[in-house]
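**Q** Questions regarding the structure given below will be posed in turn.
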Amino acid sequence: MEQTSITDNNRYPMYCYIASKNDAEFANFKRHPVYNSVLEHVSPQEGSDYLRKILEDNELHLSVQDWKYILRNDSIGNPRTIQYSFGDSQIVCSPTTLRYVKVLSDISKLFPENIIRGGYPRLA
């Protein structure tokens, strides 16, 4: 069968299956090399660039509560986290989480009617 995605390699799906069945493996899955070959490979500098752009665009108008909600993503799988500073504030998060927030910001520009300003997107 022809590979159509980087995840069509049997290693990634197998690892995800193992992590889903094994609590010890699941506790650290975001640090596993097989998982990192697909996800959780954003560099600290790229994370910094994403944060700068998120704050410059200010498309989402994220509150402290919004950031707390978003950063819950990093409470699962033990990702590598970095401390980022902006103004008088600091956050500790995975650079990949900042990529996800940047994608959300980009989507909100394209589909502003589907985003509630001052918060995270709500599903209908």
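The values are calculated or read from the model by the stated rules, or taken from the named source; none is laboratory data. Note that the coordinates shown come from a computational prediction; the quantities given were computed from them, not determined experimentally. Quick reminder, even Gly has a Cβ in these numbers, built from the backbone with ideal geometry, and neighbours come from all protein chains shown.
**Q** For the stretch 69-81, which residues satisfy the criterion of being among the aliphatic types (A, V, I, L, M) and crowded, with 18+ Cβ neighbours inside 10 Å?
**A** First, the residues of the stretch 69-81 that are among the aliphatic types (A, V, I, L, M): 70-71, 76.
Result: Ile70, single match.
**Q** So, one more: Run down Asp57, Asp88, Asp66 and say which single residue is modelled with pLDDT under 95, more than 30 Å from Gln3 (Cβ to Cβ), under 16 Å from the mean Cα position of the chain (by Cα) and surrounded by fewer than 16 Cβ atoms within 10 Å (Cβ to Cβ).
**A** Asp66
**Q** Identify, from the list Lys30, Lys21, the residue that is outside the structural domain of Ile91 (by TED's automatic domain parsing) and within 17 Å of Thr96 (Cβ to Cβ).
**A** Numbers: Lys21 fails: within 17 Å of Thr96 (Cβ to Cβ).
Going through Lys30, Lys21 in turn, the sole match is Lys30.
**Q** Please verify whether the stretch 31-41 includes one or more residues that are charged (D, E, K, R), more than 21 Å from Pro95 (Cα to Cα) and surrounded by fewer than 14 Cβ atoms within 10 Å (Cβ to Cβ).
**A** Applying the first criterion (charged (D, E, K, R)) to the stretch 31-41 yields 31, 40.
In the following step, the residues that additionally are more than 21 Å from Pro95 (Cα to Cα) were identified as none.
Among the residues of the stretch 31-41, not one is charged (D, E, K, R), more than 21 Å from Pro95 (Cα to Cα) and surrounded by fewer than 14 Cβ atoms within 10 Å (Cβ to Cβ), which makes the answer no.
**Q** Starting from residues that are hydroxyl-bearing (Ser, Thr, Tyr) and at pLDDT 95 or above, keep the ones in the stretch 72-85 and report whichever is farthest from Asp49 (Cα to Cα).
**A** Per the stated criteria, the residue is Ser75.
**Q** Here's another thing I want to ask about it. Sort out which residues of the stretch 1-32 are more than 27 Å from Ser43 (Cβ to Cβ) and of a type in the set (A, V, I, L, M, F, W, C), and write them in order of number.
**A** Within the stretch 1-32, Met1, Ala24 qualify.
**Q** Further, regarding this structure: Counting just the residues of the stretch 1-58 that are part of a helix (DSSP H, G or I) and β-branched (Val, Ile, Thr), which one comes out farthest from Phe86 (Cα to Cα)?
**A** By that ranking, first place goes to Ile18.
**Q** While we're here: Do we find a residue being exposed (fewer than 15 other Cβ atoms within 10 Å of the Cβ) and at pLDDT 85 or above anywhere in the stretch 111-120?
**A** no
**Q** Please work out which residue is nearest to Lys21 (Cα to Cα), limiting yourself to the stretch 71-109 and to residues that are assigned to a strand (DSSP E or B) and not β-branched (Val, Ile, Thr). If you could, list the steps in order and put the result at the bottom.
**A** Taking the stretch 71-109 and keeping what is assigned to a strand (DSSP E or B), we get 82-86, 89-93.
Adding the requirement that they be not β-branched (Val, Ile, Thr) leaves 83-86, 89-90, 93.
On the way: Gln83: 31, Tyr84: 33, Ser85: 37, Phe86: 39, Ser89: 38, Gln90: 35, Cys93: 26 Å.
Among those that are assigned to a strand (DSSP E or B) and not β-branched (Val, Ile, Thr), it is Cys93.
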